[in-house]
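Visitor: Handing you a structure now.
No lab work stands behind these numbers, since they all come straight from the coordinates. Predicted model, so just to flag it, every value in this text is computed and none were measured. Please note: Cβ atoms are built from the backbone with ideal geometry, for glycine as well, and neighbour counts cover all protein chains shown.
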Amino acid sequence: MSRPVIHLEDISKLYRLGQVSTGTLAHDLNRWWHRVRGREDPYARIALDNDRTRKTSPGSAPSYAWALKNINFKVNQGDVVGIIGRNGAGKSTLLKILSRVTSPTSGRIRVKGRIASLLEVGTGFHQDLTGRENIYLNGAILGMGRREITRKLDAIVDFSGCAAYLDTPVKRYSSGMSVRLAFAVASHLDAEILVIDEVLAVGDGEFQKKCLGKMNDVASQGRTLLFVSHNMGLVSSLCKRAILLEEGGLRLDTGTSEAVLSYYTHGKGTPFHVRFDELNRRIGSNGGILLEGAVEDMSGKPCAEVDIRKPFQIRMRYRVEREASRAPFPNVHVTDNTGAYVFVSFPPGNEVGKTPGEYEAVCQIPGNLLNDGTYFIGLGLTFMDKGMQVAFLEKDALCVNLHDPLEETLDHERNGFSGTMPGTVRPSLDWQVRQQL
Amino acid sequence: MSQPAPPPVETEDLEWDLEIRASTGWFNLHLQDLWRYRDLLRMFVWRDFVAVYKQTILGPVWFFIQPLLTTATFTIIFSGVAKLSTDGLPPLLFYLAGTTPWNYFAAAITKTSNTFVTNANLFGKIYFPRLVTPLSAVISTLIQFGIQFLLLLGMLAWYLFQGVPIHPDWGGILLLTPLLILLLAGLGLGVGIIVSSLTTKYRDLTFLVNFGVQLAMYATPVVYPLSMVPSKYRFWLELNPMTSIIEAFRSLYLGVGTFSWSGLGYSSLVVLVVLSAGVVIFNRVEKSFMDTV
């Protein structure tokens, strides 16, 4: 049984908006005066929620905003947790507090074990020093002792692939090279808890693969990893649990897929099973109404996450409200997370639905077709009896996360390749490989 | 027989290594952290020393040229033009004995007074005891001081060899030089970190530091001996903790000047107070300065 190693209790962080200027002194004095009399901070009380789209009216007093408000969670030893959220949701602030760069306005965090954070690769690199000198410098900044670095020097140099440039000043390095060197140092830290910001968004494919492998290692060694990223694919493949932050608050703390889907759908409803008939708006006109939609596994259970190798089905329930000489046909529109179409599909030669009533349509998506990542599913119903008439087309009505379980697919399906497989689809095709005689 | 299930882990009963909270009081200084990061301190000192003169041709020779030119200028202006007393000593030696400790003190202040502002990038990305940075600055400046100190010793030897009547107190030099350096470093560090803590929010002080240090040199017997000061100003001058340090330094090495134990005692007390206040304020500021710097 693993014990909690990080425990956040009611963490909040207040930031002042606007410039720090002459007004600051007055605020400080006022704040101090309140404190002396044992009163509450007068500015915290009027602080806004973290919603940067709402502009404060000009001329009103300089305002304060909560970058984080009442965040509570625990992380157990060996957990790999993704922290996701839109820009400004408070991810970076949370990281900064965890790495002790800044302190929270209220609340407390308790940590068991050595915690190391990588908010940036190559922090403190000195351009005039050589690669070797910088390994020592950077290692020391990260909290390693000199002997520890000497012991790991070979491994670090080997991992970075910069052996030939070790005695060249870092300013002559290409940016990719210095990043590799920096990540190499950081990844050899022995801390029990690692907090990592999106440092992987750099370097070439080969190096990214190396980094990913290293992070998987960290996880398998029973160390704890907190990983902040915008790359939902990476979060899905690395983390089992994800924390979704929204406007400074903790919105979801669940399995990765659900959090990722919620990230994409702005947290509205359960995006893999929606009762449209229970919404307060009616979806559909021209003789057809959408009632329900779901992404299900083959046993008919709604699910947020699907194994990339397994088939799944999209089920929709709709009501036809008029007679039609030619049956209206249901259709699904699958798009990827950039909004690009993957395909549209509908039942060929559909004969069902000529009379009013409720209907159900199930579309089966075979396994080994889509790539890993998040897909959005639009649901539609189209009449073709009097020219084309769209009864409804609800775009992005559902979404689903396709998950590639690396630990199972790495050896066989991926032939040991652990990097990103590009493409919107990843079909399993027939191959013939033979030796030429 | 199956093993009984372990009792559920209660969070409250567990031991924790680190607690992060809003405010941990004024005196929670985490000084033991400083010891854990001693290798970082060493790396910073080494970096400061190595990096400054990379890609310069003369390298550390600059450490000699700077004090030599300053001393020459002082000799011409204060001794040659203004005819200030040098207590009967060769002016070159007199000024060098004053500026060597003073320069160290001044450099310690100016190098530490912008700790937060110049290291904001680094501090914003990673935690380590922030005190390591000003501490390393004070120590690496010691190397510069050492070179100037060698210059002073060389000059002293040359004058002694020439037969100029100078009477250094060799025993005192051996015993008290480390103490004097410690006082200089402590005062420089203390003032520097107080200034750096205050400038995180209000930048105004940065304008004051550079010329403040310059002005302070004239409020300290660096280019003139304390013995020359009229008695009505003397009390005020002796309030300056640097006065007795510089005077002691000169009287040890050159045999003239006002050496006073009570003066040194007073200076040590001031250093202690300033340094402790500095560490406390610095510690207070380092937790939240990222939000204001």
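Visitor: Per residue of B:127-136, what is the mean number of Cβ atoms on other protein chains within 10 angstrom of that residue's Cβ?
Guide: Per residue, the average neighbour count from other chains is 2.
Visitor: Please identify the helices of chain B, taking whole runs of DSSP H, that span at least 24 Å along their own axis as judged from the Cα atoms and have a mean Kyte-Doolittle score of 1.6 or higher. All intermediate terms of the calculation are to be shown ahead of the outcome.
Guide: Working: long enough: B:91-112 (31 Å, 0.52); B:132-161 (43 Å, 1.72); B:170-199 (42 Å, 2.07); B:261-286 (37 Å, 1.37).
Counting only whole DSSP H runs, the qualifying helices are B:132-161, B:170-199.
Visitor: If packing is taken as the average count of other Cβ atoms within 10 Å, what order do B:202-215, A:216-229 fall into, highest mean first?
Guide: The densest-packed peptide leads the list: A:216-229, B:202-215.
Visitor: Could you tell me how far the Cα centroid of segment B:179-223 sits from the Cα centroid of segment A:314-368, in Å?
Guide: That distance is 78 Å.
Visitor: With an 8 Å Cα cut-off and a minimum separation of 6 or more residues, compute the relative contact order for chain A in percent.
Guide: Values: 870 pairs, mean separation 60.2, N = 437.
The value is 14 percent.
Visitor: Whats the longest run of chain A with zero GluC sites (Glu not before Pro) that are DSSP loop and have at most 11 other Cβ atoms within 10 Å?
Guide: A:41-322
Visitor: For segment B:103-178, calculate the relative contact order in percent as a whole number, restricting contacts to Cα pairs under 8 Å that are 6 or more residues apart.
Guide: 35
Visitor: Here is a follow-up. Using Cα centres only, tell me the gap between segment B:140-159 and segment B:244-266 in whole Å.
Guide: Comparing the Cα centres of segment B:140-159 and segment B:244-266, I get a distance of 18 Å.
Visitor: Here's a follow-up. What average number of partner chain Cβ atoms lie no more than 10 Å from the Cβ of the residues making up B:34-47?
Guide: 4
Visitor: Using the Cα gyration tensor of chain A, with a ≥ b ≥ c the square roots of its eigenvalues, what is the shape: rounded (a/c below 1.5), prolate (a/b larger than b/c) or oblate (neither)?
Guide: Numbers: a/c = 2.56, a/b = 1.36, b/c = 1.88.
Here chain A falls in the oblate category.
Visitor: Restricting to bridges with both residues inside the protein assembly as shown, how much of the DSSP beta-bridge set is antiparallel, in percent to the nearest 5? Numbers along the way, then the final one.
Guide: Values: 69 of 91 bridges.
Roughly 75 percent of the DSSP beta bridges within the protein assembly as shown come out antiparallel.
Visitor: Sticking with this structure for a sec: Can you give the relative contact order of chain B as a percent, counting alpha carbon pairs under 8 Å and 6+ residues apart? Write down the numbers at each step before the final one.
Guide: Numbers: 308 pairs, mean separation 76.4, N = 293.
Here the relative contact order equals 26 percent.
Visitor: I need the peptides B:171-181, A:179-189, B:69-79 ranked by packing, meaning the mean over residues of other C-beta atoms within 10 angstrom, with the highest value on top.
Guide: Output ranking for B:171-181, A:179-189, B:69-79: A:179-189, B:69-79, B:171-181.
Visitor: Would you list which aspartates and glutamates come within 18 Å of A:LYS386, measuring only between C-alpha atoms, while excluding same-chain residues fewer than 8 positions from it?
Guide: Correct list for A:LYS386: A:GLU321, A:GLU323, A:GLU351.
Visitor: Cβ under 10 Å from A:GLY378's Cβ, A:GLY378 left aside: what net charge do those residues give with Lys, Arg +1 and Asp, Glu -1? Intermediate results must be reported in sequence, preceding the final value.
Guide: Details: positive: A:LYS395; negative: A:GLU394, A:ASP396.
So the surrounding residues net to -1.
Visitor: With unit charges on the beta carbons (Lys and Arg positive, Asp and Glu negative) and the dipole taken about the Cα centre of segment A:116-262, which residue among A:GLY131, A:ASN231, A:LEU261 sits farthest to the positive side?
Guide: With unit charges placed on the Cβ atoms, the residue in question is A:GLY131.
Visitor: If the cut-off is a Cα-Cα distance under 21 Å, which lysines reach A:LYS395, setting aside same-chain residues fewer than 8 apart in sequence?
Guide: The reachable lysines, counting only those whose Cα sits under 21 Å from A:LYS395, are A:LYS268.
Visitor: Separate question: Can you list the residues, at least 5 places off or on another chain, whose amide H is less than 5 Å from the amide H of A:TYR64, using H built in the peptide plane?
Guide: Result for A:TYR64 returns A:LEU17, A:LEU48.
Visitor: Over the whole of A:125-132, what's the average partner chain Cβ count within 10 Å per residue? Rounded to a whole number, please.
Guide: For peptide A:125-132, the averaged partner shielding equals 3.
Visitor: Roughly how many Å is it from the Cα centre of segment A:123-139 to that of segment A:270-297, as a whole number?
Guide: Segment A:123-139 and segment A:270-297 have Cα centres separated by 58 Å.
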